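Only one structure is covered here, and it is reproduced in the block below.
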Amino acid sequence: MATPASIKTTCCYCGVGCGIEIRRDRQGHLTLSGDPDHPANRGQLCSKGRYLLQVALDHDDRLLYPMVRPHRNAPLTRTNWDAALDHIAATFRRIIERHGPDAIGFYVSGQLLTEEYYVATKLVKGFLGTHNIDSNSRLCMSSAVAGYKLTLGDDAPPICYDDIEHSQCILIAGANPAWCHPILFRRIEAHRAANPDVRLIVVDPRRTQSAAVADLHLQIRPGTDIVLYNALAAYLIHHGYVDFDFITNHTEGFEALCNHLKNASLERAARLCDVPLEDLQQAAEWIGQSPALLTLWAMGLNQSTAGVANNLALINLSLLKGQIGRPGMGPFSLTGQPNAMGGREVGAMANLLPAHRDLNNPDHRAEVAAFWGVPSLSDRPGLTATEMIDALEKGRLKAIWIIGTNPALSQPELARLERAFARAELVVVQEISTRAATLQWADVVLPAASWLEKQGTMTNSERRITYLPRLLDPPGEARPDVWILCDFARRMGWGHAFSYQDESEIFNEYARLTRGTPIDISGVSYERLQRERSIQWPCPAPDHPGTPRLFTNHRFLTPSGRARLHPVPEPAPPEPPSPEFPFILTTGRVRDQWHTRTKTGKVARLNQHAPEPFLEMHPDDAAACGLSEGALAEVTGRTGKLTVRVHLTPTIKRGVVFLPMHWGQEAETADGRVNVLIPCRIDPISRQPALKFARVQVAPL
Ligand code: SF4
């Protein structure tokens, strides 16, 4: 293809959605830099973003051709696209005939572009006739989605990044943006440097890099978040730090919340959360007195059996203070993946329909069916990411098509995953990299195009839609995901509904489907995005400027128009303490790696920061176990064990150990498969797995 001298695109790693500029010089060399005009990052990039071009141009690990294997014990061998897709279509037809459409599932990814997500959703929900499509966003965001819906009436992050520079008190809960959303954190740091009165409070069981530079670090015991937020809510109410006008006119549930909080206090929280009382008092006063409270959270709250409850308890604070819908304030869920938002928008999850329509609403199902030109949509609920694996294991799900995600490392309780894949009749893996551990289970491998090799759109954490142009040809026979899916649809006999000329036609179709909904983007087009660079939804008309901030009129999307305050009960611990497993294991990320390292693991400079997996442990705990810095430890939980080197740090709480989540089994003595230790437990509402909690034993090898 003819290549332009320069393009503007968007980073494909995290939900910050930084703008990137790529230039081609006269010799044809490409260089990458932050886009100074992009409102998210204003020219800055973090370490991961800076090395993206190296990742994109290094084809050593790329999957180049379709591959199949006749049976599980045979090696994968090269085939062509016709044979691979015909084989999948024939197998799907046979399975559907025998077992119905719910015997098939699609597991997709927050890395996909919105057009890809949309076509996958239309194919599965509209034409295959099942809601068994779920995104790996289930693993990071679904508790926040449910939290927003239950409080604000819709999955509608109300803030924009510019609110950082207007905030007076920033409360970061269960997130380490200094490492995981670095460009946003730099904006926080710059805002504090220019405004020394701005307070930063970080709630985290670990002294992360974000916590280390905070004015106050509340190092709570894992799993005690709700005790803390309930105590802070009670303090705000008792000390008159609430906005009664807002509560009276724009919320419901205040009385029930007050009754529920009768026994909540900072003293009790100090005891149960294991945090000094004076620190809690200081935090409560800063939050109470602040004219602009901004709360940010991520996996620390979401990946829990009480994930939704954690969200509700935190959002209560913003609603009690009436601080939402104006500059510098509101609840802001940090999105992990670059296009987790896009997947939620198009309905690429088991419990959603496009444009935030409700799967359980017959009118919404009929609307979407009519739009797609199909008689009806299934009224049976879909299987979520972990439920699909359970169903494979039980033999209810016969085939799974995995696109752009690596569940062989990222799902909880990996032993169960191996049993499930072993029982599947067909596992299709649509991937870019030979580094994906899930390939070991693939019966069919479909090589996909990567970043810069396809065009489409993504939505970042602040609802900002950006256009990503195609710059490079995919290597070998790799194809953009969207055209793989359309080709498959044609082979199933549905070509009439998937005969798009290009990606803009897909975008326009999806945009029409949003018309009249809270996320209406019928005023957005590729032409506008190419001209204006990015637009925040909703944007219901071609001359509409987009919407930086939601709920500015304090009318919410609940049936009553009022935001809901929730009394949030304290949850039972997901697993009681036991002498057999005396440590609480928590998990997280390191600065320079992304997900399961299929991309960042290719870059030597990024690997230098943390060359191998490690177990972080307090020196006193380690001494009690007979371990020293660098020693090999066997970590054993209820669902498995692994061997890893110990790294000692006095900044972790005693009784808590930490493992990063990026690595596979690198060597016998460097096993980073943390999810062998994490039991598959899910939040009852969001069905998000609790990936941050297990009880384990640690012993010298
Ligand atoms: Fe990419 Fe996120 Fe880093 Fe920005 S902050 S460069 S979006 S990884």
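The values are calculated or read from the model by the stated rules, or taken from the named source; none is laboratory data. Not measured: the values here are computed from a predicted model. Backbone-built Cβ (ideal geometry, glycine too); neighbour counts: all protein chains shown.
Quick notes on this structure:
- Of all residues making up region 307-346, the number that are over 24 Å from Asn553 (Cα atoms) and part of a helix (DSSP H, G or I): 9
- Residues that are basic (Lys, Arg), surrounded by 16 or more Cβ atoms within 10 Å (Cβ to Cβ) and over 24 Å from the mean Cα position of the chain (by Cα) within region 647-685 comprise just one, Lys653.
- Pairing each residue of region 487-503 that is in contact (Cβ under 8 Å) with a residue 60 or more places away in the chain with any residue that is of a type in the set (S, T, N, Q), provided the two are 6+ apart or on different chains, yields C-beta distances under 7 Å for Glu503/Gln455.
Conditions tested, residue by residue: (1) more than 26 Å from Glu477 (Cα to Cα); (2) touching a Lys or Arg at 6+ places or on another chain (Cβ under 7 Å); (3) not assigned by TED's automatic domain parsing to the domain that holds Ala350.
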position: Gly17; (1), (2), (3): yes, yes, yes
position: Asp25; (1), (2), (3): yes, no, yes
position: Asn41; (1), (2), (3): yes, no, yes
position: Leu52; (1), (2), (3): no, no, yes
position: Arg72; (1), (2), (3): no, no, no
position: Ala84; (1), (2), (3): no, no, no
position: His99; (1), (2), (3): yes, yes, no
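- The single condition among (1) more than 16 Å from the ligand (Cβ to nearest atom); (2) assigned to a loop (DSSP other than H, G, I, E, B); (3) in contact (Cβ under 8 Å) with a residue 60 or more places away in the chain that Thr151 does not meet is (2).
- Among the residues listed as Ala572, Ala610, Ala604, Ala563, the single one being under 30 Å from Leu312 (Cα atoms), aliphatic (A, V, I, L, M) and free of Cβ contacts under 8 Å to residues at least 60 places away in the same chain: Ala572
Table: residues versus (1) of a type outside the set (S, T, N, Q); (2) within 25 Å of Glu413 (Cα to Cα).
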residue	(1), (2)
Glu575	yes, yes
Leu585	yes, yes
His595	yes, yes
Asn607	no, no
Gly630	yes, no
Phe658	yes, yes
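- Taken together, the residues in region 26-50 that are modelled with pLDDT of 95 or more, among the small types (Gly, Ala, Ser) and more than 8 Å from the ligand (Cβ to nearest atom) amount to 2.
- Looking across region 334-389, just one residue is over 17 Å from Gly404 (Cβ atoms), of a type in the set (Lys, Arg) and either touching a strand residue (DSSP E or B) at 6+ places or on another chain (Cβ under 8 Å) or crowded, with 21+ Cβ neighbours inside 10 Å (or both), and that is Arg365.
- Within the set Leu232, Leu228, Leu236, the sole residue that is in a helix (DSSP H, G or I), in contact with a strand residue (DSSP E or B) (Cβ under 7 Å, 6 or more places away or on another chain) and under 19 Å from Arg199 (Cα atoms) turns out to be Leu228.
- Within region 395-444, tally of residues that are touching a residue at least 60 places away in the same chain (Cβ under 8 Å), more than 20 Å from Ser109 (Cα to Cα) and either assigned by TED's automatic domain parsing to the domain that holds Asn675 or not in a loop (DSSP other than H, G, I, E, B) (or both): 3
- Residue within region 176-196 that is of a type in the set (Lys, Arg) and within 16 Å of the ligand (Cβ to nearest atom) present: yes
- For region 54-86, the set of residues classified as in a helix (DSSP H, G or I) and surrounded by fewer than 18 Cβ atoms within 10 Å (Cβ to Cβ) consists of Gln54, Leu57, Trp81, Asp82, Ala83, Asp86, listed by residue number.
- Which numbered condition Leu53 fails, given (1) of a type outside the set (Val, Ile, Thr); (2) farther than 26 Å from Gln530 by Cβ; (3) at pLDDT 95 or above; (4) more than 10 Å from the ligand (Cβ to nearest atom): (2)
- Leu293 falls short of the stated requirement of being among the aliphatic types (A, V, I, L, M), at pLDDT 95 or above and under 21 Å from Thr224 (Cα atoms).
- Some residue of region 13-23 being aromatic (Phe, Trp, Tyr) and either more than 22 Å from the chain's Cα centre (by Cα) or within 8 Å of the ligand (Cβ to nearest atom) (or both): yes
- Residue that is nearest to Ser290 (Cα to Cα), among those in region 143-198 that are among the basic types (Lys, Arg) and in contact with an Asp or Glu (Cβ under 8 Å, 6 or more places away or on another chain): Arg187
- Selection within region 1-12: residues that are assigned to a loop (DSSP other than H, G, I, E, B) and out of contact with any Pro (no Cβ under 6 Å at 6 or more places or on another chain). The member of this set that is farthest from the ligand (Cβ to nearest atom) is Ala2.
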